[in-house]
Amino acid sequence: QVQLVESGGGLVQAGGSLRLSCAASGSIFRLDTMGWYRQAPGKQRELVAVITSGGSTNYADSVKGRFTISRDNAKNTVFLQMNGLKPEDTDVYYCNAAVIEYTYYRSMELWGQGTQVTVSP
């Protein structure tokens, strides 16, 4: 079984910074693209940033220049460094990963449990 565990959310004032982490564990043969999404109550989940296994990145326009996604392939972990946070960044942030598991070499798409990020004015 493979799972994603997130950490690093919290409450911060506008202009502040937070760093989210997401570690994949279990029977992992390969981790492909990993990313972060966010969702507000009553709204659709939206892309924040993604990173391929080779390090190519893509960001939502709303976070370009403020957020940085990175990964440590040796530790099966993806990070999201969030600087210059704004109240409109307040959401639940979810980690996502494309995984090939070891037992049957099945492709899976996994989601973390979500971590709350709250930015006060």
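Over the chain, Cα pairs under 8 Å with separation of 6+ residues give a relative contact order of 36 percent. Only lysines eight or more places from Lys43 in sequence, or on another chain, were considered; those with a Cα closer than 29 Å are Lys64, Lys86. Only one residue of Leu11, Ala74, Cys95 has its Cα farthest out toward the positive end of the dipole of the chain, where Lys and Arg carry +1 and Asp and Glu -1 on Cβ, and that residue is Ala74. Label reach from Tyr104 (point 7 Å along Cα→C-beta): in segment 27-43, amide nitrogens under 18 Å belong to 27-30.
Extending 7 Å from Cα along the Cβ direction at Glu88 and again at Lys75 yields two label points whose distance is 3.3 nm.
Coordinate-derived values only; no laboratory data. Computed from a prediction, not measured in an experiment: that's the story for all the values here. So basically every Cβ, Gly included, is an ideal-geometry build from the backbone, and we count neighbours across all protein chains shown.
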